[in-house]
Structure formats: structure tokens, C-alpha cells
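**Student:** This is the structure I have questions about; it appears just below.
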Amino acid sequence: MNALVLALVATAGLCLAFAGIFCLARKIDNYGIVDVAWSYAFAAVALFYAFAAAGTPSRRALIGTMAVLWSLRLGTHLYRRVMGHHPVEDGRYVQLRRDWAADFGPRMFRFFQMQAVSVVLLALPFLFAVVNPAPALHPLEIAGAVLWLLALGCESLADAQLAAFKRDAANKGKVCAVGLWAYSRHPNYFFEWLVWVAYFVFACASPWGWIAILSPAVILYLLLRVTGIPLTEQQSVRSKGDAYRAYQRTVSPFVPWFPKRPARSA
């Protein structure tokens, strides 16, 4: 299959899959599972591209492995978080219920379909890579793989530090400002974005791969302006109040940097 056919087939399949996920979300009354489905969907798309494309097998195997490992790690992390609190729904979706109360069902269905389409658009680096016929790996592909490994490791570390902080009963109601969280209010988001930068670098070795800049650009916009930092911080202020406001005044919102004064659990 050529790149266009691959993308169209992936889009059709994901739209059907997310329609099914929407029905499941309605049944269990927890729309937070769309985050889990979105994360796992990249593994499905990457595997489909890797097996159906006609590019160099070693390159298809490498980018496919990178995409699947990232997807499974993030999806499993979100599954544990979402289902660990079920039937309590993530605060972002509770707020959407309020905001979309007049026509919640149709708007949420469209939201799920938008998630399906977003997977295909964001997976452009995978698509460009798997159709690349060049026989040998390019230095950009090697650099992308190294950056991916670093970013994924740091994201996993940030998630582990936050989980360990929450497990300690003495920290109930406090703000996590330990480890990477002392240098960024959202180190998990920053390193997640860096994963997408790595995919873009990898794709730049392929013909037309520069178009994949769309992926890290969109992810950055979503994290900074839409569903990432804004909603997360609103929820944190609601739940932790002045303690979180103090954290906001001292610690970088995104890019890890030295705090204005030594950060501590508030």
C-alpha cells in the first residue's frame, strides 16, 4: 500500500474503533477511558503501518518497536490510573459534562471521533518512516532513536516519582515537588512532548518527512493550551488551593529548570 491508502485505511478503522469505545464509555459511565484508547491506538496504527508498508524492513521494525513500546507504556499507565479510580471519573471529563450539559452525548461522540483522527495525524512520523526505501539507517534516524530512549526513560521516571509520592499517606493533600517535579510542574508532559520530537527527527530522514513537524507542534499546543497543562492546573488549584498556587510561583510550568527558590512539598 502507498502512504495515502495506509492513512485512509487507518482512519476508517480507528473511527469505527472509537465509536465502539464511546459505547463502552457510556455503558460504564466513565469517559476517561478515551485517554487509554487513544494511547493504545498508536500501537495498532504503528503495527499496521509496519506490516502493510513496503519500505525497508529494518526501518519499519525499528520505528514500529519505538511506537509500540511508547504506546503500551503510556496506555497501561493511563489504564491503571483511570480504572484505579473507577467509577470516579477524571476531573477533566467531569468538567466537560458540565460545559456540554445541553447536548453532552453528541458532543462527546464527536470528541471521540476527533481522537481517532488525531491518532492518524500524529502518527505521520511513523507513516513517512515505513515507506522510506533507503537501505541503511540515516544519522537522523539514529539520533531520533537515542532521543526517544532518553525522553521515554525520563517520562517513566517522572511518573514513578509521582506515584511513589501519592502512595505515601503522609503526602495526602500535598503538592509533589520531589525529583523531576522540583524542576517542572509537568515533567511528564515535557518528556512526552520530547518523545514526539524524537519521532519527528527520525522521520526527517525520509522523503517529505519534514511534514511530520505537525506532530510535535500539535502535541505542544495541546499540552500548553488545551487538554494538558490548563485543565490539569485548574484541577490542582481546585483540590490543593494555596499550596499549589505557591508551587506555581516557584517552579517552571513545562521545561525543567531551577526553581526560583528551593521547592518542597507544600
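**Student:** Go through ASP35, ASP103 for me and flag whichever is touching a Leu at 6+ places or on another chain (Cβ under 8 Å) and acidic (Asp, Glu). Step through it out loud before you land on a result.
**Tutor:** Values: ASP103 fails: touching a Leu at 6+ places or on another chain (Cβ under 8 Å).
None of the others qualify; the one that does is ASP35.
**Student:** Also, quick follow-up: When the residues of the stretch 152-187 are narrowed to those that are polar (S, T, N, Q) and modelled with pLDDT of 95 or more, which ends up farthest from PRO253 (Cα to Cα)?
**Tutor:** Residue satisfying both the conditions and the ranking: GLN161.
**Student:** Something else now. Tell me which of these GLY241 doesn't satisfy, since it passes every other one: (1) at negative phi; (2) exposed (fewer than 14 other Cβ atoms within 10 Å of the Cβ).
**Tutor:** Against the list (1) at negative phi; (2) exposed (fewer than 14 other Cβ atoms within 10 Å of the Cβ), GLY241 comes up short only on (1).
**Student:** Which residues, taken from the stretch 198-213, are buried (at least 21 other Cβ atoms within 10 Å of the Cβ) and over 15 Å from ILE142 (Cβ atoms)?
**Tutor:** Within the stretch 198-213, just ALA212 meets the criteria.
**Student:** Right, here's the next one. Exactly one condition in (1) over 12 Å from ALA116 (Cα atoms); (2) modelled with pLDDT under 95 is false for ASP35; which is it?
**Tutor:** Of (1) over 12 Å from ALA116 (Cα atoms); (2) modelled with pLDDT under 95, only one is false for ASP35: (1).
The values are calculated or read from the model by the stated rules, or taken from the named source; none is laboratory data. In this text the structure is predicted, and so the values were computed from the model without any measurement. Backbone-built Cβ (ideal geometry, glycine too); neighbour counts: all protein chains shown.
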